[in-house]
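Reading through the structure tokens given below for one structure.
Just so you know, all these numbers are worked out from the coordinates, no wet-lab data involved. This is a predicted model, so every value here is computed, not measured. Note that each Cβ is placed from the backbone with ideal geometry, even for glycine, and that neighbours are counted across all protein chains shown.
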């Protein structure tokens, strides 16, 4: 079977992972006869500042390898054999706290009339009183005496005393208080049950120590281990005497304990004693998977170097023992011993630590701590070795028994004369080639001679260097599963020494008969059992053997499977690996920790007429999504991910739609393949082909796998603009790895964007970020097919956080919104023509009006320092030259316009008329789009007035516009209701459109003023009064209304023309009229009723208003232009009595935000109305996309009647009726919606655009012809 290993390039990552395993396995040296001391300074504890990610990774190995027997942290009771025979148990029959109480039971009344129960020793306490709860279930009185032992001194027996005796009435419960008036220091407690006849029971619980006003639970009777100490000769008490000056200051560092067990003896007090010991008994422990026993011991220098006998007993009273010495005094020593194979390890009942008779005739003291059993057990979940370091495959058997994937000879086997066969085959559970080992060593071990060894081994001759410091392999039991296999490493001295030195081994326990398991073993003499000495830098052989089978013939015949024997290189073991990322425990709202910049949430998809997504769409950063490579299948549309419950299932914050991106993949056997999703962040044109994400501190991503095919981890790669073939793919990449991906639950990952926290190849510049790649390869998804779901990828700038109302009223927030909205014009234009894209998703569609906004935005960018003056000049010249040099005429194709006017939409790359798709109306020559374009042309003409080429081109373009040609002067005012009104459009196919600018609107004002001021083709000032002026009132607001009531119809002209303080010949103050229209729009949304009569529309409120034209979402993801989306009062409802059906719950942020220009004067719209609106959009909705500011629109959920969703389960599109689950968002940006936000924010802040534009002579002439100062 082939295991293709991905190698992370940094040794730092591998090194730390080795530290994890080395620390968690057997941290003490092996000991057969005596333990060698280890310096306490060598023990290091994990830093308190370690991340939760590292702690979690450590726990994986800790849980898989060790089991604590006792850490000496509890106060355990036992029943010494003094008085009448009795027992002590922990019972749940009665209790006042916790789960159990002490049950004191006299089993046979022999005339003593008392029975004694004792604790082990504990840190001395001097309470004012001891309080406990008791229950007497008998029909007679019982007494309970409370005795104590004080701390003893060397050479003296510990003083004893009593706190008194109390009686408990029959069949009652009571709380007893024992006073300690002399404040005696107590180190051990005894309960003496008495006053009875017969065989009574008494319950005790909730023992509390009282000191002053503080009562502390001392023992809740919850422990189930019984320790005692004995001196055999005269049965005296030598239980633990813990000492503050030793035990707490010099406890074992391995587990950070605060107490240890003391064994002390004194020949002067007990001259006839033969041994002294502490032991743990009454165990029922299954240690069959453990093969090492370990404890820590401390010998003070005042104690002779005594021997310690270690005994383990099984349920059949079988025993095994070792004798060890502690050579080095005054420091903790870790003793590691192998288990005794003769024991029934499935039923260990007692563990004894004994000082024998040869040493007990002295006096001394030993401290014990951290009794543990250990062994090399399989990983709970297979570990991707690339997370631990650089793996090197020794043998995967894909080439059979011959050949080798590493170096050295092929593996061979022998069996001391036994019958051994080896076969390459696959199993039901492992579909790739593996080695099956069958053995029969029945004749090798005669009955009764089980000390002989019978080996079955497979040797690989190696030349192993020091950097290969772990071995990983897979094992599975076969017929008569042996349960464990011995793994040996032989160094260069093993053979030449006659096999007396140069070997280290470990037993691999826990083989399963049904499931392949993975073992990871450190090649470290301190973690293995060593024969003689062992040099891990010169390993020559790896041996798998069966050692000491029992006399049962079934154990001598069997089989097991082996596969994927792999060395791992893990060096520089003290360096952490911050790019290993675990999921967040609690989801984080990016807006609470910084400013988010959305890369993609996959919600803004476009359907064609058949209901299929025709492309993946573009990212929020104007990049495009990519596809997979290798043998993978990847859909060309976003698949349905979890239905409308996706947001609830995932716990996401204000999740907008149930769409995510899914990568489907299949990795067949022995195939080197990888799959990636990428978002290329090159711009449509712009000044560069990358994004500057240097301000981003975090990257957030949501991920979910699928059951059975989950790769478990995914790499997230960030590429700057140096990554690629030109540099040999050798620089410009930074990587983080997501671990613990769930099969079924969406999880959020936060990646630090600090280059020091990423795995960097070469160098990496986040200010020139070009791609974000999600990848996993065959080594990560071996033999798997499935899907990986991805959603809501966003960068986060944690240096700026906006959470309070004051934050959103600050200039810093206004600057953020204006800067990010301006970014659209810095990037969304064609590199050759400079023409601005109509919307972020259609790169080949340029907008004439959007280009006018873009020219003006460049002026703002220069003043704000967002673009250099030289770059802005170069861009301006590119646009003006494109406009001037593209052909004009009456031809249907091949022209940009006619008579100085421009078509509404142009081909972005050529500047020529955009040809509409079949079945659509042809693109018209648009006077309003031309007017907006000319407003931008005149703005740059004034700003770059010292650049002659710009001035000349701008004058030529404006002077070429034949405004008078577009004016309807046919007939007379009496015969033509549209006399002196401008046509809306013209096409070479049909001539002028049958529609006029016949209603009050900012568009009419803009057209009229530019036409009146024209030095070459002017129209008379009376055209300004040719359109209808209907005055309507809504909620006290008196407004000359536009027909639709759309908000933009009150601010387009005001973006350039400063109309404040001006009135026309009829006395109308159009600036004040726009203010009233804005306030009425807000009041309409507060009322919450749309144009279809729906009430309580969720998207309408005092902080969500500004209804205006936008692309709505009334049929799911289909894009439908809502040109009539507006509020009352308007000409459609208030004058004609019709229902404006398009006012259906869609709110475009630009409608309200752009009204901030009318907050520049005190009598205008209160600025808090605008900042509160932006705060709501930012905090409570998904409207903030980040890179280009606020998204274009969102729609009330009740308005979404049906939507088409792709279901991968049935491989078809289905129609779903939506309910009020959440709003739908228009994940798009439009140039003519972005432009007013930038211009009006700047006008509010500085008046820049008004000041520059109003300097133009033609503009001044038009203003003087129409307006006069307001009285």
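I want to check the label-to-label distance for residue 1255 and residue 1161. Put each point 7 Å from Cα in the C-beta direction and report it in nm to one decimal.
2.3 nm
For residue 730 and residue 798 in one chain, what is 0.36 nm times their gap in residues minus the Cα-Cα distance, to one decimal in nm?
Separation in residues times 0.36 nm, less the Cα-Cα distance, equals 21.4 nm.
Highest mean first, what order results for 497-504, 105-112, 198-205, 876-883 on Cβ atoms within 10 Å?
Going from most to least packed, we get 876-883, 198-205, 497-504, 105-112.
So how many Å³ per residue does the convex hull of the Cα atoms of the stretch 887-942 work out to?
It is 88 Å³ per residue.
Run the numbers for residue 909 and residue 959: contour at 0.36 nm per residue of separation, minus the present Cα-Cα distance, in nm.
Contour length minus Cα-Cα distance gives 15.5 nm.
Two decimals, Cα atoms only, Kirkwood Rh: what is Rg/Rh over the stretch 765-912?
In the stretch 765-912, Rg relative to Rh is 1.12.
What order, most packed first, do the peptides 530-538, 693-701 have when packing is the mean number of other Cβ atoms within 10 Å of each residue?
693-701, 530-538
What FRET efficiency would be calculated for the residue pair residue 1094, residue 1135, taking the C-beta separation as r and a Förster radius of 30 Å, to the nearest 0.05?
Efficiency at R0 = 30 Å is approximately 0.85.
Counting other beta carbons within 10 Å of each residue's own, what order do 1085, 1055, 1032 fall into, fewest first?
1032, 1085, 1055
Between residue 97 and residue 1028, 0.36 nm times their residue separation minus their Cα-Cα distance comes to what?
Full-extension gain reported as 326.6 nm.
What is the packing order of peptides 582-591, 791-800, taking the mean over residues of other C-beta atoms within 10 Å and listing the highest first?
791-800, 582-591
What whole-number distance in Å separates the alpha-carbon centres of the stretch 982-1000 and the stretch 810-836?
Their Cα centres are 32 Å away from one another.
How many nm is it between the label spots at residue 309 and residue 82, if each spot is 7 Å from the Cα in line with the beta carbon?
2.5 nm
Can you sort 1063, 1252, 915, 186 by how many other beta carbons sit within 10 Å, fewest first?
So the ranking, lowest neighbour count to highest, is 915, 1063, 1252, 186.
What is the spin-label model distance, in nm, from residue 1065 to residue 945 if the labels are put 7 Å beyond Cα along the C-beta direction?
For the pair residue 1065/residue 945, the computed spacing is 3.0 nm.
For residue 150 and residue 107, FRET efficiency with R0 = 25 Å and r from the beta-carbon atoms, rounded to 0.05?
Taking R0 as 25 Å, the efficiency between residue 107 and residue 150 is 0.20.
List 773, 961, 790 from most exposed to least, where exposure is judged by having the fewest other Cβ atoms within 10 Å.
Fewest-to-most ranking of 773, 961, 790: 773, 790, 961.
Can you compute the FRET efficiency between residue 831 and residue 537 using 1/(1 + (r/R0)^6), with r the Cβ-Cβ distance and R0 = 41 Å? Round to the nearest 0.05.
0.10
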